[in-house]
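Participant: Handing you this structure, nothing more for now.
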Amino acid sequence: MSSPASLGEGRTPLVPSRGICSRLGLAELHFKLETVNPTGSYKDRFIAAELAHLAPRAPQAIMATSSGNTGSALAAYAARYAIRCLILVNEHAPEGKLLQMRAHGARLVRVRGFGSSPEVTQQVFDLLRRFQAEAGLPFVVSAYRYCPVGMQGVEDLGRELVEQTRGAPAHVFVPVGGGGLYTAVCRGLRRRWPVHAVQPEGCSTVVAAWRRGDDAIVPVTSTTRISGLSVPFDIDASLALAELRATGGTGITVTDGEIYAAQRMLAELEGILAEPAGAAALAGLLKLVEQGIFDRGDRAICLVTGSGFKDPESLAGLAAAGEELMVSLGELPELIRERIRS
Ligand SMILES: Cc1ncc(COP(=O)(O)O)c(C=O)c1O
């Protein structure tokens, strides 16, 4: 059931691939378009559930940490509940996400090293937990470790996949930062299907442990610039690792360049405008296909977790080769004749 402050999150479309499927010679590929959620990412599912849970306590203010999308969602939904929010944001959060948060009236603080240095990131979390205890303010992080009720809202994503495919099993590809999303999808699917975890090479916590075959999540100094996937220590990574082993999925790492290339393919071959993190799942599938590990006859689903509008810098990269002209009215007829010919 939707929460009282719902903006229409969830129930997102599962659309068949056109260009990429035929180019790769795959039997079936679908994209789950989380981009169409109200603030442009799957995080709306989390925030809608979390705020419905917190609302009866009537908090005056909420503190949160965010790489950008949790903050965008929180800022929008908190505006509906008339709750003030203070959001501590990753140093390298993209402009689109920062503007979204500010437009809804959230107070933002960007912290140097937050999201890349494991020490700084841990200390920010510890500090906020202290304030949470002292001031009794809710502390929102999109992870089971901090907000299990909100994360249950994300599990709907997995349940929707079962409904939308009428239970026909598929290989599901999920981008992994802190690991909460991956865990939620596996739980929503009740671990019935293989779910593959895709991380950037520059911030591989879960996949590195999966490859080593042990249970230790080793903190890393993150070098990836993919907003949303730069979580340098264990928030929900241990949970995600356990799910990865339980579903029999594969741990995949991809370079930032491979993620940007997948983002371009989505834009040019599918008409889907994703932010880079939203294209990481596809980059993971492309890697398995390239390595000959993925059976082209199997069904695949890639989550597209966030909208391209959130990251104008990467959008500018995609648009660089496109044409945009300014002409006078007198020049227009000749230009139209010329352009419709080729
Ligand atoms: C667009 C997008 N995709 C994927 C993720 C990864 O989610 P998690 O940190 O729960 O692994 C995030 C996290 O911020 C995100 O914003």
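The values are calculated or read from the model by the stated rules, or taken from the named source; none is laboratory data. Small disclaimer: the values here were computed from a predicted structure and weren't measured. Cβ coordinates were reconstructed from backbone atoms using ideal geometry, including for glycine residues, and neighbour counts include every protein chain displayed. What goes into the accessible areas is simple: the full protein's heavy atoms, side chains included, and nothing from ligands, DNA or RNA. Shrake-Rupley method; radii C 1.70, N 1.55, O 1.52, S 1.80 Å.
Participant: Hey, got a sec? Which trypsin sites (Lys or Arg not before Pro) in the stretch 131-183 land in a DSSP loop and have at most 14 other Cβ atoms within 10 Å? Write down the numbers at each step before the final one.
Facilitator: Working: sites: Arg145, Arg159, Arg166; in loops: Arg145, Arg166.
Filter output for the stretch 131-183: Arg166.
Participant: Also, I was wondering about something else. Can you find, among Leu24, Thr70, Phe173, the residue farthest towards the positive end of the dipole of the chain? Put +1 on the C-beta of Lys and Arg, -1 on that of Asp and Glu.
Facilitator: Of Leu24, Thr70, Phe173, it is Thr70.
Participant: Quick one: which residues, 5 or more positions from Ile272 or on another chain, have an amide H under 5 Å from its amide H? H modelled 1.01 Å from N in the peptide plane, none for Pro or chain starts.
Facilitator: Those lying under 5 Å, H to H, from Ile272 are Ala267.
Participant: I'd like to check one number: the per residue accessible area of the chain, probe 1.4 Å, reported in Å² as a whole number. Please list the in-between numbers first.
Facilitator: Values: 15070 Å² over 342 residues.
Using a 1.4 Å probe on heavy atoms only, each residue of the chain averages 44 Å².
Participant: Where does the chain land at 222 nm, in deg cm²/dmol rounded to the nearest 500, when only DSSP H runs of n ≥ 4 count, each adding -39500 (n - 2.57), divided by all residues?
Facilitator: -13000 deg cm²/dmol
Participant: Now, a different point. Rounded to the nearest whole Å³, what is the per residue volume of the convex hull around the Cα atoms of the stretch 43-140?
Facilitator: Values: hull volume 8.2 nm³, N = 98.
Expressed per residue, the convex hull around the Cα atoms of the stretch 43-140 is 83 Å³.
Participant: With a Förster radius of 25 Å, plug the Cβ-Cβ distance of Gln291 and Arg245 into 1/(1 + (r/R0)^6) and report the FRET value to the nearest 0.05. Walk me through the intermediate numbers first.
Facilitator: Values: r = 20 Å, r/R0 = 0.82.
Approximately 0.75, to the nearest 0.05.
Participant: Put a dot 7 Å past each Cα toward the Cβ at Ala58 and Arg130; how far apart are the dots in nm?
Facilitator: Those two pseudo-labels are separated by 3.1 nm.
Participant: Roll a 1.4 angstrom probe over the protein heavy atoms and tell me the percent of accessible area of the stretch 43-140 that is carbon or sulfur.
Facilitator: Numbers: 2190 of 4310 Å².
Of the solvent-accessible surface of the stretch 43-140, carbon and sulfur hold 51 percent.
Participant: Can you give the longest run of the chain that contains no GluC sites (Glu not before Pro) sitting in a DSSP loop with at most 12 other Cβ atoms inside 10 Å?
Facilitator: Details: sites that count: Glu323, Glu324.
Counting only loop sites that pass the neighbour cut-off, the longest clear stretch is 1-322.
Participant: OK, next. In debye to the nearest 20, how big a dipole does the stretch 270-342 give about its Cα centre with +1 on each Lys and Arg Cβ and -1 on each Asp and Glu Cβ?
Facilitator: Using Cβ point charges on Lys, Arg, Asp and Glu, the stretch 270-342 gives about 240 debye.
Participant: While we're looking at this one, here's another question. Using the Kirkwood formula over every pair of different C-alpha atoms, what hydrodynamic radius in Å results for the stretch 1-50?
Facilitator: 12.3 Å
Participant: On to the next question. So how far apart, in nm, are the two label points at Gln122 and Ala321 if each is 7 Å from Cα heading toward Cβ?
Facilitator: Output for this residue pair reads 4.4 nm.
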